[in-house]
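**Q** Below: one structure in structure tokens.
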Amino acid sequence: MTQIYSLDTAYKQKLLGNPTNDLLGRFLDTVGDGSGTKNMNVAADEYFIKPGADLIYVIDKVSILIEDDAVLDPAGFGGRATLTTGCLLKVQEDNGGAPHDIVDLTDGIAIKTNGELALIGHLTVADGAASCFVQCDVSLGAPIRLDGNRNERLLFETQDLVGELGNLVKLYVFVAGRIFKDLAR
């Protein structure tokens, strides 16, 4: 049986590739493939996700998750004081030299407080007597497309010292989306 694709379907496949029928659900990590350190409370570093060769990731959702063993500080980060340097969220292309930004999702303003997290997405807060949980669902506007053959990655960069981030119980960034096979290869 011959399958006939509409122009719309053909265009989408050219843009996205062939679906692999795999859903993407992963925490950003220090290696980019799911095998590195995921909890960002350990040190200033780059945490990212990047597709392998011949793969395209279409990311529909980005969530920043903070768990702390202190009461929420509205002017701080989690239940802690304001971060000194903050965190950045961006899409980059890395072709061997210095990575260059494709899209800066924080518009060059480092996130240092819970209030600044609310500027980039919807904040959900659960605050207890001695702990707090903050979730920021980042407002993307449109899905993020990462091309493995172009070495594109979604990067969350923590720039603060261990003393600041290390006091948090957990700091994770989770992405959800779909995986496609690049038809151009």
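**Q** Scan region 73-93 residue by residue and report those that are in a loop (DSSP other than H, G, I, E, B) and either among the acidic types (Asp, Glu) or surrounded by fewer than 21 Cβ atoms within 10 Å (Cβ to Cβ) (or both).
**A** Matches in region 73-93: 73, 74, 75, 76, 81, 82, 84, 85, 86.
**Q** Can you find even one residue in region 71-79 that is at pLDDT below 90, among the acidic types (Asp, Glu) and farther than 30 Å from residue 53 by Cβ?
**A** yes
**Q** Now, a different point. If you take the residues in region 146-181 that are under 18 Å from residue 23 (Cβ atoms) and of a type in the set (D, E, K, R), which one is modelled with the lowest pLDDT?
**A** Here the residue is 181.
**Q** Taking region 109-162 only, how many residues are on the phi > 0 side of the Ramachandran plot and in contact with a Lys or Arg (Cβ under 9 Å, 6 or more places away or on another chain)?
**A** 1
**Q** Pairs please, first residue from region 31-53 and touching a residue at least 24 places away in the same chain (Cβ under 8 Å) and among the aliphatic types (A, V, I, L, M), second anywhere and in a loop (DSSP other than H, G, I, E, B) and surrounded by 15 or more Cβ atoms within 10 Å (Cβ to Cβ), Cβ atoms under 6 Å, 6+ apart in sequence or on different chains.
**A** 44/159; 44/160; 49/28; 49/32
**Q** Could you check, for region 6-20, whether at least one of its residues is modelled with pLDDT under 95, at negative phi and part of a loop (DSSP other than H, G, I, E, B)?
**A** The answer is yes, given that some residue of region 6-20 is modelled with pLDDT under 95, at negative phi and part of a loop (DSSP other than H, G, I, E, B).
**Q** In addition: What strands (runs of 3 or more DSSP E) lie completely within region 117-185 and have 2 or more residues being among the β-branched types (Val, Ile, Thr) and surrounded by 18 or more Cβ atoms within 10 Å (Cβ to Cβ)?
**A** Filter on region 117-185 gives 132-138, 170-181.
The values are calculated or read from the model by the stated rules, or taken from the named source; none is laboratory data. In this text, all values refer to a predicted model and were calculated from it rather than measured experimentally. Note that we place each Cβ from the backbone using ideal geometry, even for glycine, and neighbour counts take in every protein chain shown.
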